[in-house]
1. So residue B:34 fits all but one of (1) in a helix (DSSP H, G or I); (2) under 17 Å from residue B:223 (Cα atoms); (3) of a type in the set (Gly, Ala, Ser); what number is the exception?
2. Being away from chain B (no Cβ under 13 Å) and part of a helix (DSSP H, G or I) is the filter here; which residues of the stretch A:1-53 pass it?
3. For the stretch B:53-67, give me each residue that is buried (at least 20 other Cβ atoms within 10 Å of the Cβ) and not aliphatic (A, V, I, L, M).
4. Tell me, which residue of the stretch B:77-120 that is part of a strand (DSSP E or B) and either polar (S, T, N, Q) or within 14 Å of chain A (Cβ to nearest Cβ) (or both) is surrounded by the fewest Cβ atoms within 10 Å (Cβ to Cβ)?
5. If a residue must be among the charged types (D, E, K, R) and free of Cβ contacts under 8 Å to residues at least 24 places away in the same chain, how many such residues does the stretch B:190-215 contain?
6. Let me confirm something: among B:130, B:151, which residue is touching a strand residue (DSSP E or B) at 6+ places or on another chain (Cβ under 9 Å), surrounded by fewer than 16 Cβ atoms within 10 Å (Cβ to Cβ) and farther than 23 Å from residue B:48 by Cα?
7. Scan the strands (runs of 3 or more DSSP E) fully inside the stretch B:138-210 and keep the ones with 1 or more residues being within 14 Å of another protein chain (Cβ to nearest Cβ).
Amino acid sequence: MTAYTATVTVRLKRGVLDPEAETTQQALERLGFELEDLRSADRFEVDVDADDADDAEARATEMAERLLANPTIHDYDVEVAEA
Amino acid sequence: MSVAVIRFGGSNCDRDAVRALEHLGIESEIVWHADGLPADPDGIVIPGGFSYGDYLRAGAMAARTPILDDVRAAADSGTPVLGVCNGAQIGSESGLTPGAFTTNRSARFQCEPVCLRVENADTPWTAAYDEGDVIEIPIAHGEGRFEIDDDRLAALEDDDRVLFRYCDADGEVTDAANPNGSKHGVAGVLGEDDHVAVLMPHPERASLPDIGPTDGQGILRAFE
């Protein structure tokens, strides 16, 4: 078994309104920053002991499917690295 | 036998629901989620509140507690199930009902009376109304914006599974009358069967004559 960290990034699907990101963008603009757009995402770092990287990725993917993301509104991706 | 009102850590409309049902002469009891569902309840209410502090997403944690398996089984066997506000978020997170309720367009918590147009009066939840009726019921949520992809929304509409839409006092569904940016103004939907429903507005807060309008009574009468 090897220690891995799986990083799960969950973001809203393109086209789904993100009021918090819009509010954040407006606040940045009030501070004088110029920007075209801003998107936010949630990042989860999951430490697992797994047989190999594929096993770690499969487990983190199931976590995303079953809880971390809501497939109605979210896309997600999973990256795995040895811890 | 009575209506089970499920209490999670952070539920806060459970007693309101019991009081409103009591006013209508409908027996109910609060059930702590970890105790499991009593056998053969007459109905199930998943009440409003902030279960588990809205961690991750509103309703996400409660939707994955074991009692939701009991709720799904009861729903499959015909028990009426109503999710209100946080209960609606739990219902959609658990797959009992379609779509998702997410951050309001305003990015703020909103607590205000709204008008709803009855879209389908041929359900247990709306039998007290006529299609097109306008009823006034309060909302109190920060994550009530109904989201779903266009194809699935069209399918819901074709199947008459939209129960209520936000509207103005004349029953017009307009952007200005939509408090949270919900797609097509959807405020409440049916599950796969019409005895399962969720809505963001609070019928239990519009059921006691002493505190204001009583337009919500008709929804709760589904449990009679």
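The values are calculated or read from the model by the stated rules, or taken from the named source; none is laboratory data. These figures come from a predicted structure and were not determined experimentally. Every residue, glycine among them, receives a Cβ derived from its backbone with ideal geometry; neighbour counts consider all protein chains shown.
1. Condition (2) is where residue B:34 drops out.
2. If the condition is that a residue be away from chain B (no Cβ under 13 Å) and part of a helix (DSSP H, G or I), then A:28, A:29, A:30, A:53 are the ones that fit.
3. Across the stretch B:53-67, the qualifying residues are B:57, B:59.
4. B:110
5. Of the residues in the stretch B:190-215, 2 are among the charged types (D, E, K, R) and free of Cβ contacts under 8 Å to residues at least 24 places away in the same chain.
6. So the residue among B:130, B:151 that is touching a strand residue (DSSP E or B) at 6+ places or on another chain (Cβ under 9 Å), surrounded by fewer than 16 Cβ atoms within 10 Å (Cβ to Cβ) and farther than 23 Å from residue B:48 by Cα is B:130.
7. Filter on the stretch B:138-210 gives B:145-147, B:186-190, B:196-199.
Results for (1) of a type outside the set (Val, Ile, Thr); (2) at pLDDT 95 or above; (3) touching a His at 6+ places or on another chain (Cβ under 8 Å), shown as yes or no for each residue.
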site	(1), (2), (3)
B:162	no, yes, yes
B:165	yes, yes, yes
B:168	yes, yes, no
B:171	yes, yes, no
B:180	yes, yes, yes
B:195	yes, yes, no
